[in-house]
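All remarks here apply to the structure that follows.
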Amino acid sequence: MEKPYIMQNGVRFYDFKKTFTYLNAYGKHKLGESFNLKEEDAGILYKLMIYTIRDEKSCDKHGLDLNKGILLTGPVGCGKTSLLTLLKHFAYIETNYTMKSTRDISAEFNIDGYPTIFKYGKTHKIYCFDDLGVEQNMKHFGNECNTIAEILLHRYELLQSQNIVTHATTNLNANELEKLYGNRVRSRLRSMFNLIAFPQSASDKRK
Ligand SMILES: Nc1ncnc2c1ncn2[C@@H]1O[C@H](COP(=O)(O)OP(=O)(O)O)[C@@H](O)[C@H]1O
Ligand SMILES: [Mg+2]
């Protein structure tokens, strides 16, 4: 597959049209032939792309702060998890991230307890917490600690003290996030994340 960029003095220059085509082919290879990037998602993809390749100028122009993470929101099935998983392919080693579903974190907490919070909240690793909110159905009887909220508060500290960003995906809107995690978390979300939002009308790709 032709690389979607040219190299000049060790710097990559991306051609977005080629990147789109390349990512589409890569998506088919990774997720199956039915994978097909939609023209209507090109705007979101473009933003995710310039952020991932750390194109500072373009990020400035589109209001993306490279010192913050990405919060990708949108309805169930619109392709959030798929896109962020595929885009890891373009990420630099230093800013690459590990996808971790909040459901798995919740399950880990139920077995290991508090060390789970430190494992994800106090580490130099960059995480993308996949699907904020779905873990709410996993709360066990007697488990009063909101694991993900605690982890997010730690990640906020991590950003303040060591510039380590966090990424996340969610189907929830800001009000729902506040209801779930409380005002303390919500007030920090804005300084932790660049919001990139699929419209509510974004198509469900599972169909
Ligand atoms: N552009 C696309 N074209 C076709 N299928 C896709 C596309 N993006 C995602 N999918 C598929 O649709 C399903 C839902 O995608 P997913 O990324 O899990 O959505 P979300 O995380 O937003 O709920 C997955 O099975 C995925 O493989
Ligand atoms: Mg998902």
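State whether the residues of region 38-54 include one that is in a loop (DSSP other than H, G, I, E, B), within 14 Å of ligand 1 (Cβ to nearest atom) and within 12 Å of the chain's Cα centre (by Cα). No: zero hits. Return a yes/no flag: does region 100-110 have any residue that is acidic (Asp, Glu) and over 22 Å from Leu152 (Cβ atoms). No, that holds for no residue.
Considering only residues that are within 20 Å of Gly121 (Cβ to Cβ) and assigned to a helix (DSSP H, G or I), look in region 85-102 and name the one that is farthest from ligand 2 (Cβ to nearest atom). The selected residue is Thr95. Set side by side, the residues Ile111, Ile53 differ, and just one is surrounded by 15 or more Cβ atoms within 10 Å (Cβ to Cβ), modelled with pLDDT under 95 and more than 16 Å from ligand 2 (Cβ to nearest atom), which is Ile53.
Filtering region 163-207 to residues that are assigned to a loop (DSSP other than H, G, I, E, B), touching a strand residue (DSSP E or B) at 6+ places or on another chain (Cβ under 9 Å) and within 16 Å of Thr81 (Cα to Cα) leaves Thr166, Asn171, Leu172, Phe198.
Restricting attention to region 2-20, the residues that are more than 18 Å from Glu56 (Cα to Cα) and either out of contact with any Pro (no Cβ under 7 Å at 6 or more places or on another chain) or surrounded by fewer than 14 Cβ atoms within 10 Å (Cβ to Cβ) (or both) add up to 5.
Note on region 116-143: residues that are part of a helix (DSSP H, G or I) and either surrounded by 15 or more Cβ atoms within 10 Å (Cβ to Cβ) or at pLDDT below 95 (or both) total 10. Of everything listed in (1) modelled with pLDDT of 95 or more; (2) within 21 Å of Ile126 (Cβ to Cβ); (3) not in a helix (DSSP H, G or I), the single unmet condition for Thr81 is (3).
With respect to Thr19, is the statement that it is of a type in the set (Ser, Thr, Tyr) and within 16 Å of ligand 2 (Cβ to nearest atom) true?
On the way: of a type in the set (Ser, Thr, Tyr): yes; within 16 Å of ligand 2 (Cβ to nearest atom): no.
So Thr19 does not fit the description; no.
A search for C-beta distances below 6 Å between a residue of region 91-102 that is over 13 Å from Thr52 (Cβ atoms) and any residue that is within 16 Å of ligand 1 (Cβ to nearest atom) and among the acidic types (Asp, Glu), counting only pairs 6+ apart in sequence or on different chains, returns Met99/Asp130; Ser101/Asp130; Ser101/Asp131; Thr102/Asp131; Thr102/Glu135.
The values are calculated or read from the model by the stated rules, or taken from the named source; none is laboratory data. Please read these numbers as outputs of a predicted model, since none were measured by experiment. Backbone-built Cβ (ideal geometry, glycine too); neighbour counts: all protein chains shown.
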